Amino acid sequence: MKKIVIVIYGKDNYGILYNVSKILHDYKVSVENIRQSIVSNYFNMMAIVSAPERNKYGEFKKKLEDYGKKSNLMVNVMLEDVFNAMHQV
Amino acid sequence: MEIISIEQALETVEMFSKEHLDVRTITMGISLLDTMTNDVDKLCDNIKNKLMYYAKDLVKVGNDIEREYSIPIINKRISITPMSIITESACKTTADYVKVAKTIDSVAQKLKIDFIGGWSAIVNGGMTKNDERFLNAIPKVLSKTKVLCSSVVVGSTKSGLDMDAVKLCGKIIKETANLTKSNDSLGCAKFVVFANAPDDNPFMAGAFHGISQGEAVINVGVSGPGVVRKALLEAKGKDFTTLCETIKNIAFKITRVGQLVGTSAAKRLGVPFGIIDLSLAPTPAKGDSISDILELMGLEVTGAPGTTCALAILNDQVKKGGIMAAKNVGGLSGAFIPVSEDQGMINAATKKSLTLEKLEAMTCVCSVGLDMIAIPGDTSESTISGIIADEMMIGIINQKTTAVRLIPAYGKNVGDKVFFGGLLGYAPIMKVNNYSCKDFIDRGGHIPAPIHSFKN
């Protein structure tokens, strides 16, 4: 199964990583690479994670997006193919 | 996977979320050659079965890809074999044509696709008796259908320009405007006149599945003026070499998205992937405008001196960047300059910086032609034919595709506006030079193909 890229940014708050990790854990998704920084009070994160169980991708994506909406964060969940296509010759 | 940087990830995400990057259309081309028969009802049945067989999952697959990849796919469309060929034996009257057209339209609506193109005739070498009947029925067909699009190819570099067909097209456009007057003459937005039309164009209203094409195919049209605009903001004040490189780089990225979507759609639908059309297609959304790009290059308002040069740069660099990113390039490929579908163009036309004549000059270097231009409702048939003849000759002489999609809005005049809604937008009525060309158009006959040497 393909890998997934999660990009999150928005005003920093307590527990963003905690809440995101909890969702990843619920779907048995492991983090393969993660970069996170805070620039002038703005939270930036990109993670490459393994795929959730078969047929759970849609549900997993929605969970993360719902969390983003609730917490006023921009949450984008995309298959790695899009990034590979765009940034690799 | 080589890890991508946060900056690259954010760039990609922002292209979709803020700069309106989308795949404009996945268009399934379907050959209807094997549906031909001499019985109208049987023909309708055959067409229905064939379209349902190949396209039944088109919308579902489009939506699935959209959800999975988080890439907006705005339209799902079908193009079919030019219908003047398919209807040749079965249709004898306008009522017959309308019956077939309504069948296609209702299948398309049942499939929930956005547009179906191919109510088309190719008459650049001259019209058959059936072609003439077919063309004369177009206004009725367009007024009785919702998503069916029509086109007529009247000229080509290899065969010249059929002036009888050009004359007839003026009449078709006027009649269509009258028959659809309750909708601001919307029927005309679904009718295009072409020179050198490509066989594999995924964009409407001019898409058809040419007879050189295979059984079924998936073609993709990308979009992305908003993304180019953002990239150019960062190249402000830099020299032309940098400007060209910036457009080329971004065109590569946009096209890669189209390639990904097209390959995936073709695989899921079990048909070959055809071509990517590299055209930048604007929408009325703020910032998703070709005109904005031209102005960012350094023009006060689109239409000012320098506009044609700026458009030529854009067109050429989009092709150069896109060619390398795509496996197969085709269709129209370049930059569209429809007036009503582009807020920047609308503004420039309202300010009278952009005139019909300047647009005509711009079409010498853009991907298509005079597109979605509203003109006064009382413009005569022969004047419309004259505009068509001019535009076709630009294509024929310069060996490029040109097209005309004019809307002589019934009952409206310069200063008024017409509203089409959705992707088609709205348009100010533009001034037309009304000195007569009637005697010129009335000559009829055929203009021979141009010489291909001694280019000056």
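The values are calculated or read from the model by the stated rules, or taken from the named source; none is laboratory data. Since we're looking at a predicted model, the values are computed, not measured. Note: ideal-geometry Cβ built from the backbone for every residue, glycine included; neighbour counts use all protein chains shown.
Structural remarks
- The set of residues from segment B:209-245 being of a type in the set (Ser, Thr, Tyr) and surrounded by 24 or more Cβ atoms within 10 Å (Cβ to Cβ) comprises just one member, B:223.
- Which numbered condition residue B:210 misses (of (1) without any contact (Cβ under 8 Å) to a residue 24 or more places away in the chain; (2) not in a helix (DSSP H, G or I)): (1)
- For residue B:249, the conditions (1) surrounded by 16 or more Cβ atoms within 10 Å (Cβ to Cβ); (2) within 14 Å of another protein chain (Cβ to nearest Cβ); (3) of a type outside the set (Gly, Ala, Ser) all hold with the exception of (1).
- Looking across segment B:128-144, not a single residue is outside any helix (DSSP H, G or I) and more than 17 Å from residue B:87 (Cα to Cα).
- Within segment B:175-195, the residues that satisfy the criterion of being within 19 Å of residue B:340 (Cα to Cα), surrounded by fewer than 24 Cβ atoms within 10 Å (Cβ to Cβ) and not aliphatic (A, V, I, L, M) are B:180, B:181, B:182, B:183.
- Residues that are part of a helix (DSSP H, G or I), more than 30 Å from residue B:38 (Cβ to Cβ), more than 14 Å from every other protein chain (Cβ to nearest Cβ) and of a type in the set (A, V, I, L, M), drawn from segment B:60-115: B:61
- Within segment B:1-59, restricting attention to residues that are within 21 Å of residue B:276 (Cβ to Cβ), among the polar types (S, T, N, Q) and more than 14 Å from chain A (Cβ to nearest Cβ), the residue that is surrounded by the fewest Cβ atoms within 10 Å (Cβ to Cβ) is B:31.
- Verdict on residue B:319 being basic (Lys, Arg) and within 18 Å of residue B:223 (Cβ to Cβ): yes
- The one condition from (1) free of Cβ contacts under 8 Å to residues at least 24 places away in the same chain; (2) farther than 22 Å from residue B:251 by Cα that residue B:17 does not meet is (2).
- Selection of segment B:414-424 for residues being assigned to a loop (DSSP other than H, G, I, E, B) and within 17 Å of residue B:180 (Cα to Cα) yields B:420, B:421.
- Any hit, segment A:56-64, residues being more than 26 Å from residue B:65 (Cα to Cα) and surrounded by 12 or more Cβ atoms within 10 Å (Cβ to Cβ): no
- Condition check for residue B:123: hydrophobic (A, V, I, L, M, F, W, C) and closer than 30 Å to residue A:65 by Cβ: no
- For segment B:289-317, taking the residues that are touching a residue at least 60 places away in the same chain (Cβ under 8 Å) and assigned to a loop (DSSP other than H, G, I, E, B), the one that is surrounded by the fewest Cβ atoms within 10 Å (Cβ to Cβ) is identified as B:297.
- Criterion violated by residue B:168 - all others in (1) in contact with a Leu (Cβ under 7 Å, 6 or more places away or on another chain); (2) assigned to a strand (DSSP E or B); (3) hydrophobic (A, V, I, L, M, F, W, C) satisfied: (2)
- Residues of segment A:43-65 that turn out to be within 11 Å of chain B (Cβ to nearest Cβ) and assigned to a strand (DSSP E or B), as a count: 5
- Of B:255, B:241, B:263, all but one fail to be out of contact with any helix residue (DSSP H, G or I) (no Cβ under 7 Å at 6 or more places or on another chain) and within 14 Å of chain A (Cβ to nearest Cβ); the exception is B:263.
- Residues in segment A:66-89 that are within 10 Å of chain B (Cβ to nearest Cβ) and either loosely packed, with under 15 Cβ neighbours inside 10 Å or of a type in the set (Phe, Trp, Tyr) (or both): A:83, A:88, A:89.
- Qualifying residue in segment A:23-38 (condition: in a helix (DSSP H, G or I), facing chain B (nearest Cβ under 10 Å) and either within 12 Å of the chain's Cα centre (by Cα) or crowded, with 17+ Cβ neighbours inside 10 Å (or both)): no
Okay, residues lined up against (1) modelled with pLDDT of 95 or more; (2) assigned to a loop (DSSP other than H, G, I, E, B); (3) under 19 Å from residue B:203 (Cα atoms):
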{"position": "B:3", "(1), (2), (3)": "no, yes, no"}
{"position": "B:7", "(1), (2), (3)": "no, no, no"}
{"position": "B:16", "(1), (2), (3)": "no, no, no"}
{"position": "B:28", "(1), (2), (3)": "yes, no, yes"}
{"position": "B:34", "(1), (2), (3)": "yes, no, no"}
{"position": "B:45", "(1), (2), (3)": "yes, no, no"}
{"position": "B:50", "(1), (2), (3)": "yes, no, no"}
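- Filtered by the rule that a residue be touching a residue at least 40 places away in the same chain (Cβ under 8 Å) and over 24 Å from the mean Cα position of the chain (by Cα), segment B:66-88 gives B:69, B:70, B:88.
- All positions within segment A:5-22 that are not in a strand (DSSP E or B) and not hydroxyl-bearing (Ser, Thr, Tyr): A:12, A:13, A:15, A:16, A:17, A:19, A:20, A:22
- Restricting attention to segment B:353-404, the residues that are over 16 Å from residue B:166 (Cβ atoms) and assigned to a loop (DSSP other than H, G, I, E, B) add up to 14.
- Options B:212, B:291; residue that is polar (S, T, N, Q), in contact with a helix residue (DSSP H, G or I) (Cβ under 6 Å, 6 or more places away or on another chain) and under 23 Å from residue B:331 (Cα atoms): B:291
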